[in-house]
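The values are calculated or read from the model by the stated rules, or taken from the named source; none is laboratory data. What you are looking at is a predicted structure, and each value in this text was computed from that prediction instead of being measured. Note that we place each Cβ from the backbone using ideal geometry, even for glycine, and neighbour counts take in every protein chain shown. Heavy atoms of the whole protein, side chains included, go into the accessibility calculation; ligands, DNA and RNA do not. Shrake-Rupley method; radii C 1.70, N 1.55, O 1.52, S 1.80 Å.
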Amino acid sequence: MDDLTVYIGWDSREIIAYDVCEHSILRRHSANTDLPIVPLIQNELRNSGLYTRPIDKKASTEFSLTRFLTPALNKFEGFAIFADCDFLFLTDIVNVLELIDPQKAVSVVKHNYQPDERVKMDGAKQFNYPRKNWSSFMVFNCAHPANRALSPETVNSATPAFLHRLSWLADDDIGELPVSWNYLEGWYDPDGDPTLINAVHFTRGGPWFKHMQDVAFADLWLSELADFNSSSHKRRRA
């Protein structure tokens, strides 16, 4: 699986979250192999003609639906990972490939996530729905025949519910990952041992928002931010 590419959601309101997420991946990845990382920037995808949906005012992020273009962007070949930008990776992301069944079309953490909050992040409305947050971290076998259903035409026309519930797949095509790869801050144990967590997901919003400075694992994110700011290899995007 040397052909892995990582796609990260990019939002103009959370640029620093993207930067830190990308930095946390690159800093922990083995220097012996290249790891392409691609930001899913909606304006760029629109300009290329791949994303043509009308602006969705209910979407909490600019990459809410562009994430489902991942197999097409990867030319329906090889393996690819999609992650929301509000992740902090604490180990080499490539290690997740050791845990997947390569015969599955997609592998995810199968949360039973039903938050009580009515808002999240910077005031975005919180919606509850089946399989919520399954699509926030997905390992795609892009060459799997079932993923051919995720053509740009489908991504641009299907309902958000169809996409986020992974409804283009049969249940048997969805592999399961351990919770440690999508550890939802505020939902799972706030005192969880970071050495046993591979990726913290600040799904409610993280320390890059002024009102979210005291969330669990904020110290880890702030430490990563400090390392990013001191790095000579920063890859900021405007």
- [ ] From the list Glu176, Glu185, pick out the single residue that is of a type in the set (Asp, Glu) and open to solvent by 70 Å² or more (accessible area, probe 1.4 Å).
- [x] Glu176
Task: Qualifying positions in the range 5-29 - touching a Phe, Trp or Tyr at 6+ places or on another chain (Cβ under 9 Å), of a type in the set (Ser, Thr, Tyr) and outside any helix (DSSP H, G or I) - done: Thr5, Tyr7
Open item on the list: Can you find a residue that is more than 16 Å from the chain's Cα centre (by Cα) and not in a loop (DSSP other than H, G, I, E, B) anywhere in the range 182-194?
Closed with: yes
Task: Residues within the range 116-142 that are buried (at least 17 other Cβ atoms within 10 Å of the Cβ), modelled with pLDDT of 65 or more and not in a helix (DSSP H, G or I), tallied - done: 9
Task: Residue check for Arg67: touching a residue at least 40 places away in the same chain (Cβ under 8 Å), in a loop (DSSP other than H, G, I, E, B) and either of a type in the set (Asp, Glu) or under 16 Å from Thr154 (Cα atoms) (or both) - done: no
- [ ] Name, by its number, the condition in (1) in contact (Cβ under 8 Å) with a residue 60 or more places away in the chain; (2) within 21 Å of His201 (Cα to Cα); (3) open to solvent by 60 Å² or more (accessible area, probe 1.4 Å) that does not hold for Ser12.
- [x] (1)
Task: Of all residues in the range 15-38 being under 23 Å from Leu99 (Cβ atoms) and within 14 Å of the chain's Cα centre (by Cα), the one that is surrounded by the most Cβ atoms within 10 Å (Cβ to Cβ) - done: Cys21
- [ ] Scan the range 204-231 residue by residue and report those that are more than 18 Å from Gly192 (Cα to Cα), basic (Lys, Arg) and touching a residue at least 24 places away in the same chain (Cβ under 8 Å).
- [x] none
